[in-house]
Amino acid sequence: MSQHKSNWELIKNGMFGENTIFRMAISLCPSIAVTNSLENGVSLGIAVLFVQTMVNLTISLMRNFIHPKIRIPIFMLVIAGYVTVIDLLMATYARAIYKDIGLYIQIIVAFASIFARAEVFASKNKIWPSICDGFGMGLGFLLAMIVISFFREFLGKGELFGYSLISGNPLLIMILPAGGFLAVGLLMGFFNWIDIKFYGGKGASGV
């Protein structure tokens, strides 16, 4: 798989071609729950980026030693280990943010996108391509969190990172769950329109 793509293509594929939110429509729960604040969205995105990259690295290192019959519990154990690391780090050094998104940090262990990349890519490829694949997928999730959070906080509160930018009455619906579904749906449609319009439905990575 990796021999047909450069490392940069793997990163672009994770960001655009197989973007977790806008292209694959998985892990949508946090994209609704935490994106009413840009700070929260960025924080969760960074956490997922760390876990995704480190899981791919670790599984690639272990790929020749994992028996196929026990690969699923091994993958889950590795994912849970890195989720525990980022959970403890945030609980210690970012307590204010952790109070808001701590639950969603913990459920990263159940993200289908992280397990899927460990199964279909990292367990079959060498270390550096696996790191690039994981980094790209994590970066794609972070990008989605930033875009969704930006529009929801800006339109729903007239703020970014807690700083007031516009006066008047904001669209309060945008910071409610219904606004989250609306924002995700519109942005998903917009990115898919760009894909079809300019890339013929193959994604910005061309794959």
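So how do 95-106, 14-25, 130-141, 55-66 stack up, highest first, on mean other-Cβ count within 10 Å?
Order by mean packing, descending: 130-141, 14-25, 55-66, 95-106.
Once you keep just the Cα pairs under 8 angstrom separated by 6 or more residues, what percentage relative contact order results for the chain?
38
Note down the net charge around residue 94, summing +1 for each Lys or Arg and -1 for each Asp or Glu among other residues with Cβ under 13 Å from its Cβ.
Local net charge: -1.
Which helices of the chain meet both criteria: a Cα extent of 18 Å or more along the helical axis and a mean Kyte-Doolittle score no lower than -1.0, with helices taken as whole DSSP H segments?
Qualifying helices, which must be both long enough and hydrophobic enough, are 38-62, 71-93, 127-157, 177-199.
Taking H placed 1.01 Å from N in the peptide plane, check which residues at least 5 places from residue 160 or on another chain put their amide H under 5 Å from its amide H.
Hits under the 5 Å cutoff: 165.
With a 1.4 Å probe and every protein chain left in place, work out the accessible area per residue of the chain in Å², rounded to a whole number.
Dividing the accessible area of the chain by its residue count gives 50 Å².
Expressed in whole Å with the largest first, what are the equivalent ellipsoid semi-axes of the chain derived from the C-alpha gyration tensor as the square root of 5 times each eigenvalue?
Each semi-axis is the square root of five times an eigenvalue, giving 31, 22, 12 Å.
Using Cα centres only, tell me the gap between the range 91-123 and the range 17-70 in whole Å.
The distance from the Cα centre of the range 91-123 to that of the range 17-70 comes to 7 Å.
First select every other residue whose beta carbon is under 15 angstrom from the beta carbon of residue 122; then total the charges, Lys and Arg +1, Asp and Glu -1.
+3
Which peptide among 191-197, 112-118, 85-91 comes first, and what is the full order, when sorted by highest mean count of other Cβ atoms within 10 Å?
Top of the packing list down: 112-118, 85-91, 191-197.
Using a Cα distance threshold of under 17 Å, what count of lysine pairs results for the chain when pairs must be 8 or more residues apart or interchain?
Close lysine pairs found across the chain: 5.
Treating only the Cβ of Lys, Arg, Asp and Glu as charged (+1, +1, -1, -1), what charge dipole size does the chain show about its Cα centre? Round to the nearest 20 debye.
Magnitude of the dipole: close to 540 debye.
On the accessible surface of the chain, probed at 1.4 Å, how many percent belong to carbon and sulfur atoms?
The value for the chain is 69 percent carbon and sulfur by accessible area.
Taking amide H positions as placed in the peptide plane 1.01 Å from N, state which residues far from residue 20 in sequence (5 or more) or on other chains have amide H under 5 Å from it.
Under 5 Å from the amide H of residue 20 lie the amide H atoms of 141, each far enough along the sequence or on another chain.
Could you point to the residue in 134, 179, 190 farthest towards the positive end of the chain's charge dipole, with +1 and -1 charges on the Cβ of Lys/Arg and Asp/Glu respectively?
134
The values are calculated or read from the model by the stated rules, or taken from the named source; none is laboratory data. Quantities reported herein were computed from a predicted structural model and do not represent experimental measurements. Heads up, the Cβs are rebuilt from the backbone with ideal geometry, glycines too, and the neighbour counts pull from every protein chain shown. Ligands, DNA and RNA are stripped out before the accessible areas are found, and what is left, the full protein with its side chains, is counted by its heavy atoms. Shrake-Rupley method; radii C 1.70, N 1.55, O 1.52, S 1.80 Å.
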